[in-house]
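Asker: One structure, pasted below without further comment.
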Amino acid sequence: MTFRAVGPFAPGGALEGAFWIGSDHPFDLAECYLTFRRDIELAEPKGRFAIACDHRYRLWVNGVHIARGGCRSWPWAMAYDDHDISHALRVGLNRIEVQTYSPGYSHFAHVSRPACGWIGGMEGAPSDPRWRVSRDRSYAAEVPRVSIYGTGVEDRALPRDQGYAAPRILQPPEGPLWQGLHPRPLPLLREEVRGLTPWKVLPAPLPEGHGPASALHGQITRALSEPGAGRLTIYDLGVSQTVSPEVTIEGPGTLLISYAEKLAGDLPLISDPQTYCRMRVTDRYALSPGRNEVQPFTPRGARYLLLLSKAPPQVQVRTAHYPFDPISYPDQGALNPIAQTCRRTILTCLQDGFVDSIWRESSQWLGDVVPEALAFSAISDDPRPMKFALDMAAAGAAEDGILPSILPGDVPAYVVTDYNFSWVELLDLYLSHPKAEPDTLTRLAPVLHKMLGRFQQDLKDGLIHSQPGRRLFLDWSSMSRAEPNLTYNLRYLYALQIAHRLTGAWGAEAEALQQAIRTLGPDWRESPGGAPASQLALAFLSLTDTHHDPGAIIAASLGEAATRASPFMHHYVFAALQKAGRNDAIRQIIAKLWAPWGGLPTTQENWDISFPDGSACHGFSAHPLYWLKAAS
């Protein structure tokens, strides 16, 4: 394969001569924090700094924090950020510092390579051997992961002297590890800094009977049981946010920072790492004598911050927000609180793309993007996050055409086959947007055809069956997944019908599948002789013009049906009711089912989130923001 540099990295570009650079030691790979420095003389305080990073970076100029990143990318399609750093530059000597972090493994927002590095720089200071690098060994190298979804917890001893050496060149701009350098497809996030006032300050260990024992786990539990541990300072941000706390505190001692999203009794719930998600969102910092400035490297999602320390902390937080110009939204009268809750949720869950739960995962799930994109479209005409997900999924397609469910993510156990059909719906939604790029369908049609064709291999007696080794999700409800599954086949049929409308192909396949599905009626069941059809199946029967029963769909939402669709999949319930001309029912269902959340900061993951790691801020449940507007 021939690799060719493009853009500012090409011959004659502002960053000609830039390389991917990394640690001076080739086996600095696991839980690797690196600091790169370069001094540069300037006659004029003006410049821009571009950077693409293997995982996460922080950029500093003359001690001023510029930004953190980077944008979610596949290694073969690396996006670079472009920052104006003029405000931090000065005439004469300037120090540029790039701090990077790589866990050394893939997770739900990153695909790892056997190297840690970055590329970029500014004119006159491209990333090359003239930079200096040091591995920051104040961070422990052997730490558990923060969850099954994320990277390592931070366990750091402050401060630690470190020497610098010349960095190793890992590859040219385009090479075997990273390729496809291109400008970030989304706008840079806007950061805000604000000080915090404690919500509660409690002595540690806690007084007898203060809060349920199940509220605190892990390091917090052990620390609180030690006599003389100090104080537990709790901050309530008011709403779940992606935050980077900045703490000033006197040492020596230990500072523990925990991140929580909901309460158990009168204390924030700290997850038990023995549950399925293995959540352990507590970072530890060993303080040096005197004044300490603690700035965790990795932003985390939370509503509540818990700081355990001997000395009182002073805390401010840095939050990141997606910039957009809002469009008009109609007054919803008594349903305004629900609309506002949904609005807060979608804006919280829009970072570098749509993410699901900022506290538990911060992952961009392909299936979640459809309802999230609809919610955002109610308040913005910016289609870029939608296009970003479309392109990310297409770029990550497997050899057989099946699309990834996590964008990006090397997580074969979580390839959800029904999310492939969500991609078709997302393509249709994007193409209907007035700002859609005109060549999108031509560009993505090969991906569409290959993916839909792969499911033809799963036909048995006219109906598709799930693919071994891949996940059949369908919904969070208790609906049956017995096969051949009615809902699964209806979702494929809906995708085929959309593809036929968009491209003219797949008409015969759609008609054949619909005929096979009709043999399962009129006593609709999730599988032959199995459980009654779920509400989700009833919605797709209507959306595909296979069978219409809006009354049964409405009854499942307003009654106590066991197969009521989750908040996530109620998007399809509303789509089916809109098709039936029942906008009144859409508003009635939202008024009933989302009303308990109207007084909450954000929408929940499910009707009940009392399970251990249930999310109190989940983007896909915010779609009533769109449906209230559409049904006005």
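Asker: Please go through region 324-339 and give me each residue that is outside any loop (DSSP other than H, G, I, E, B) and either open to solvent by less than 50 Å² (accessible area, probe 1.4 Å) or free of Cβ contacts under 8 Å to residues at least 40 places away in the same chain (or both), ordered by number. Please lay out each step first, then the result.
Answerer: Keep residues of region 324-339 that are outside any loop (DSSP other than H, G, I, E, B), which gives 333-339.
Hits for region 324-339 are GLY333, LEU335, ASN336, ILE338, ALA339.
Asker: Among the numbered criteria (1) part of a loop (DSSP other than H, G, I, E, B); (2) under 23 Å from SER534 (Cα atoms); (3) within 27 Å of the chain's Cα centre (by Cα), which one does PRO408 miss?
Answerer: Of the numbered conditions (1) part of a loop (DSSP other than H, G, I, E, B); (2) under 23 Å from SER534 (Cα atoms); (3) within 27 Å of the chain's Cα centre (by Cα), the odd one out for PRO408 is (2).
Asker: So which residues in region 378-393 are closer than 19 Å to LEU452 by Cβ and either open to solvent by 20 Å² or more (accessible area, probe 1.4 Å) or modelled with pLDDT under 95 (or both)?
Answerer: Matches in region 378-393: ASP391 only.
Asker: Still on this structure, please answer the following. Pick from region 245-264 the residues that are closer than 21 Å to HIS65 by Cα and of a type in the set (Val, Ile, Thr): which of them is most open to solvent (accessible area, probe 1.4 Å)?
Answerer: Taking region 245-264 and keeping what is closer than 21 Å to HIS65 by Cα, we get 245-249.
If we keep only those that are of a type in the set (Val, Ile, Thr) too, we end up with 247-249.
Values: VAL247: 1, THR248: 26, ILE249: 4 Å².
Ranking the qualifying residues of region 245-264, first place goes to THR248.
Asker: Could you give every pair whose Cβ atoms fall below 6 Å, whose first residue belongs to region 587-616 and is closer than 24 Å to ASP272 by Cα and touching a residue at least 60 places away in the same chain (Cβ under 8 Å), and whose second residue is part of a loop (DSSP other than H, G, I, E, B) and of a type in the set (A, V, I, L, M), counting only separations of at least 6 or pairs across chains?
Answerer: ASP613/MET279
Asker: Select, from ARG90, ARG48, ARG132, ARG68, the only residue that is touching a Lys or Arg at 6+ places or on another chain (Cβ under 7 Å) and over 20 Å from ASP28 (Cα atoms). Give the derivation first.
Answerer: Working: ARG90 fails: touching a Lys or Arg at 6+ places or on another chain (Cβ under 7 Å); ARG48 fails: touching a Lys or Arg at 6+ places or on another chain (Cβ under 7 Å); ARG132 fails: over 20 Å from ASP28 (Cα atoms).
None of the other options fit; the residue is ARG68.
Asker: Also: When only residues in region 550-589 that are assigned to a loop (DSSP other than H, G, I, E, B) and hydroxyl-bearing (Ser, Thr, Tyr) count, which is most open to solvent (accessible area, probe 1.4 Å)?
Answerer: Applying the first criterion (assigned to a loop (DSSP other than H, G, I, E, B)) to region 550-589 yields 559-569, 580-582.
Adding the requirement that they be hydroxyl-bearing (Ser, Thr, Tyr) leaves 563, 566.
Values: THR563: 39, SER566: 2 Å².
Ranking the candidates gives THR563 first.
Asker: Looking at region 299-332 only, could you name the residues that are at pLDDT 95 or above and hydroxyl-bearing (Ser, Thr, Tyr)?
Answerer: Listed by number, the residues that qualify are TYR304, THR319, TYR322, SER328, TYR329.
Asker: Tell me which residues, restricted to region 463-496, are in a helix (DSSP H, G or I) and within 17 Å of TRP423 (Cβ to Cβ).
Answerer: So the first thing to find is which residues in region 463-496 are in a helix (DSSP H, G or I), and the list is 486-496.
Hits for region 463-496 are TYR488, LEU490, ARG491, TYR492, LEU493, TYR494, ALA495, LEU496.
Asker: OK, next. Output the residues belonging to region 438-455 that are β-branched (Val, Ile, Thr) and open to solvent by 10 Å² or more (accessible area, probe 1.4 Å).
Answerer: Correct list: THR442, VAL447.
Asker: Something else now. Return the only residue of ARG156, ARG130, ARG194 being under 28 Å from ARG360 (Cβ atoms), of a type in the set (D, E, K, R) and at pLDDT 95 or above. Walk me through it before giving the result.
Answerer: Details: ARG156 fails: at pLDDT 95 or above; ARG130 fails: under 28 Å from ARG360 (Cβ atoms).
On inspection, the qualifying residue turns out to be ARG194.
Asker: Given region 65-138, what strands (runs of 3 or more DSSP E) lie entirely inside it while holding 3 or more residues that are open to solvent by 10 Å² or more (accessible area, probe 1.4 Å)?
Answerer: On the way: elements: 79-84, 92-102, 117-122, 132-135.
Fully inside region 65-138 and qualifying: 79-84, 92-102.
The values are calculated or read from the model by the stated rules, or taken from the named source; none is laboratory data. Since the structure is predicted, the reported quantities are computational estimates derived from the model, not experimental observations. Note that we place each Cβ from the backbone using ideal geometry, even for glycine, and neighbour counts take in every protein chain shown. Heavy atoms of the whole protein, side chains included, go into the accessibility calculation; ligands, DNA and RNA do not. Shrake-Rupley method; radii C 1.70, N 1.55, O 1.52, S 1.80 Å.
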